[in-house]
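The values are calculated or read from the model by the stated rules, or taken from the named source; none is laboratory data. Since the model is a prediction, treat every value here as computed from it, not as a measurement. With ideal geometry, Cβ positions are generated from the backbone for all residues, glycine too; neighbour counts draw on all protein chains shown. In case anyone asks, the SASA skips ligands and DNA or RNA and just uses the protein heavy atoms, side chains included. Shrake-Rupley method; radii C 1.70, N 1.55, O 1.52, S 1.80 Å.
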Amino acid sequence: MPRAFITGITGQDGSYLAERLLAEGVVVHGLVRPGDDQAAGALLSRAPGIVLHEGDLGDAGILGRLVADIGPDEVYNLAGISSVAFSWQEPVLTARLSGVGAAAVLEAAWRLQEDSGRRVVCLQASSAEIFGDAATSPQDESTPVRPVSPYGAAKAFAHHMACVYRGRGLHVATCIFFNHESPRRPLAFVTRKITAAAARIGAQGTGVIQLGNLEAARDWGWAPDYVDAMVRAVRHEHPSDYVVATGRTHTVADFAEAALRRAGLGDDWRDHIEVNAEFLRPMDAPTLVGNAGKARRELGWEPTVGFEELVGRMVDHDMELLQS
């Protein structure tokens with residue numbers, strides 16, 4: 001039976017990916033942080049049968065031994081610091097985990113391939129934040145890499161290392177993911193913060209959501225669609241880079257409006273939003289919108305869930321949590 005190794009398996013994308021691979025009959029192994037019992041337990045309740053291993057993404061030695069012992073056919077590196085805002089607070093940690101950690105995963109996969117004599121395929125989860133102060137819009141695979149945040153810089157290093165290892169003969173595909181959401185987003189993310197607050201306000205009839213830059217525009221998609229793209233990319237005959245995006249942008253204010261309307265606030269939604277300067281970032285990337293034409297042509301990939309439905313599903317989930 002084929003085997004897969006997933007870093008970041010307890011995250012939003014990792015959990016959806018693990019469920020998909022298990023359904024395909026793949027033996028799934030995942031890396032979890034030591035002591036992260038709550039997240040591991042939640043994952044196993046959704047997808048029993050996963051084999052979990054404790055380890056530090058920043059420890060190349062442990063990663064190398066783990067990959068050698070598991071002997072995976074597919075390696076998905078989804079782990080690292082997942083918050084742009086947090087990366088400003090911990091830039092060195094972000095560089096170590098999201099940047100150098102990715103290089104350690106690729107090195108472990110390359111050594112396994114060299115020692116075993118069989119092909120190992122890898123997926124590096126990249127990010128639209130590598131484009132940062134983008135020179136063109138929409139962004140595609142040829143857009144210059146020019147990050148403006150510690151998160152973007154770390155992801156840019158990992159993205160370049162994927163190309164380096166591709167040159168060494170390792171089958172490494174990258175998916176340059178634009179923003180993608182689901183009910184599994186942690187509350188630390190602004191999208192889930194909005195939907196959870198909207199559900200609460202809708203239930204109570206009062207309250208406000210404090211936000212930063214309301215005009216920040218992003219290209220938001222449905223997370224399971226993006227997991228589908230990564231599986232298609234890693235299994236494609238020729239490894240390459242793929243922008244994964246919807247091609248449409250909405251502002252943070254648009255997201256809040258959609259969430260509050262779904263929660264029943266109607267035209268009064270504006271009364272429930274406040275701008276708090278504490279949530280403004282030192283520097284924010286301008287409008288990021290992706291051109292996924294290459295993924296459509298080469299992978300046959302298409303997004304299936306639109307913006308309004310995406311927000312609605314998240315709000316509905318948070319309303320169900322309140323009721324339960």
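Taken along the Cα-to-beta-carbon direction at a fixed 7 Å, the label points for Asp271 and Asp69 span 6.0 nm. The solvent-accessible area of Glu74, taken with every protein chain present and a 1.4 Å probe, is close to 30 Å². The magnitude of the dipole of the stretch 144-237, with charges of +1 and -1 set on the Cβ of Lys/Arg and Asp/Glu and taken from the Cα centre, is near 260 debye. Once R0 is set to 25 Å, what does the formula 1/(1 + (r/R0)^6) return for the Cβ-Cβ distance between Ser83 and Ala60, expressed as a FRET efficiency to the nearest 0.05? The pair Ser83/Ala60 has a calculated efficiency of 0.60. Between 0 and 90 degrees, the angle of helix 150-167 with respect to the longest Cα principal axis of the chain falls at about 30 degrees. Taking Cα centre as origin and charging only the Cβ of basic (Lys, Arg, +1) and acidic (Asp, Glu, -1) residues, the dipole magnitude of the stretch 102-149 rounds to 180 debye. Does the stretch 154-269 come out rounded, prolate or oblate by the C-alpha gyration tensor, with a ≥ b ≥ c the root eigenvalues, rounded set by a/c under 1.5 and, if not, prolate when a/b is larger than b/c and oblate if not? Verdict is prolate for the stretch 154-269.
Ligands, DNA and RNA left out, the 1.4 Å accessible surface of the chain is 50% carbon and sulfur atoms.
Coupling constants for the stretch 110-117 follow from the phi torsions by the Karplus curve (6.51 cos²θ - 1.76 cosθ + 1.60, θ = phi - 60°), and in residue order they are 5, 5, 4, 5, 5, 6, 8, x Hz; glycine and proline get x.
Which part of the stretch 296-312 falls in the paramagnetic zone of Arg248, meaning amide N under 14 Å from the point 7 Å along Cα-to-beta-carbon? Taking a point 7 Å out along Cα→Cβ of Arg248, the residues of the stretch 296-312 whose backbone N falls under 14 Å are 303-312.
The C-alpha atoms of the chain define a longest principal axis, and helix 223-234 lies at about 20 degrees to it. Taking a ≥ b ≥ c as the square roots of the Cα gyration tensor eigenvalues, the stretch 19-130 comes out oblate, since a/c reaches at least 1.5 and a/b does not exceed b/c.
Kirkwood radius, the chain, all distinct C-alpha pairs, inverse of mean reciprocal distance: 20.2 Å.
Simple point charges give the picture: +1 on the Cβ of Lys and Arg, -1 on the Cβ of Asp and Glu, and for the chain a dipole about the Cα centre of about 560 debye. The mean sequence distance of close C-alpha pairs (under 8 Å, at least 6 residues apart), as a share of the length of the chain, puts its relative contact order at 17 percent. Helix 190-204 and the longest principal axis of the C-alpha atoms of the chain enclose an angle of approximately 40°. Spin-label pair Thr136-His317: with each label point 7 Å from Cα along the Cα-Cβ axis, the two points sit 3.5 nm from one another.
Across the stretch 110-246, the relative contact order, built from alpha-carbon pairs under 8 Å that are at least six residues apart, equals 29 percent. Amide H contacts of Ile273: Ile209, each under 5 Å away and 5 or more positions distant or on a separate chain (H built 1.01 Å from N in the peptide plane; Pro and chain starts excluded). Return the whole-Å distance between the Cα centroid of the stretch 169-193 and the Cα centroid of the stretch 245-324. Between the Cα centres of the stretch 169-193 and the stretch 245-324 lies a distance of 13 Å.
Across the stretch 1-155, C-alpha contacts under 8 Å between residues 6 or more apart give a mean separation that, scaled by the residue count, equals a relative contact order of 22 percent. Around Met161, what is the net charge, scoring Lys/Arg as +1 and Asp/Glu as -1 over all other residues with Cβ under 12 Å from its Cβ? Neighbour charge sum, excluding Met161 itself: +2.
Each residue of the stretch 22-27 was assigned a 3J(HN,Hα) from its phi angle through the Karplus expression (A = 6.51, B = -1.76, C = 1.60, θ = phi - 60°), giving 4, 5, 7, x, 7, 7 Hz with x at Gly and Pro.
What is the sum of charges, Lys and Arg at +1 and Asp and Glu at -1, for the other residues whose Cβ falls under 11 Å from the Cβ of Phe5?
Charge balance in the 11 Å sphere: -2.
Give the distance, in whole Å, between the Cα centre of the stretch 87-109 and the Cα centre of the stretch 22-62. With the stretch 87-109 and the stretch 22-62 each reduced to a Cα centre, they are spaced 19 Å. Taking Cβ atoms as reference points and 12 Å as the exclusive limit, the residues near Leu265 contribute a net charge of 0, counting Lys and Arg as +1 and Asp and Glu as -1. Highest-first packing order for the peptide set 46-58, 252-264 is 252-264, 46-58, based on the mean count of other beta carbon atoms within 10 Å.
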